[in-house]
Amino acid sequence: LSGWLTDRFDPRKLLGVYYGIRGLSLIYLPYSGFSSTSLIIFAVLYGLDWIATVPPTLRLSNEAFGDRSGPIVFGWIVAGHQVGAAAAAFFGGTMRELQGNYELAFLIAGMTAIAAACISLLINTSRPAFEPEPQAA
């Protein structure tokens, strides 16, 4: 579904919506009461968003860096994401050990996703002009 939407809508706006939903669902979770209904609501919202960011991110990479370099840039984005995910897991566990719950970890993750939603709307997709240096014969 996200790929289909990416073909038809501005990928920056899609990322804004996706990260916004992700952030709100993460902030919602610690206050949900953990009933079956509230967990289903969380699972649906978070689950719909889980891989949805991949197509618009790849399209933005290709638009900004070209079809040759865009996939390489996307690979670095994915690698950076893994480093961030590892750090989030570590610090989330540390917060749990120090505070006895995950509330602050989910709030920080949610606020970070909302910040990403706002920042994604500011992405510039225009390519910088490139003029090759003259070559000596």
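All of the numbers you see were taken from the coordinates with simple rules; none came from a lab. Given the structure is predicted, the values throughout are model-derived calculations rather than measurements. Please note: Cβ atoms are built from the backbone with ideal geometry, for glycine as well, and neighbour counts cover all protein chains shown.
Annotations for the structure displayed:
- Spin-label zone in the range 58-83 - amide nitrogen under 14 Å from a point set 7 Å from the Cα of Thr112 along the C-beta vector: 80-83
- For Leu48 and Ala79, the FRET efficiency from 1/(1 + (r/R0)^6), where r spans their Cβ atoms and R0 equals 25 Å, is about 0.50.
- Using the rule -39500 (n - 2.57) for each DSSP H run of four or more residues, divided by the residues of the chain, the 222 nm mean residue ellipticity is -26000 deg cm²/dmol.
- For the range 72-80, 3J(HN,Hα) computed residue by residue from phi via the Karplus equation (6.51, -1.76, 1.60; θ = phi - 60°) reads 5, 4, 4, x, 5, 4, 4, 4, x Hz, glycine and proline entered as x.
- Straightening the chain between Leu121 and Phe9 buys 39.0 nm, computed as 0.36 nm per residue apart minus the Cα-Cα spacing.
- Gyration tensor (alpha-carbon) shape descriptor, the range 2-120, a/c threshold 1.5: oblate
- Working ranking of peptides 22-28, 76-82 by packing, defined as the average number of other Cβ atoms within 10 Å per residue, highest first, is 22-28, 76-82.
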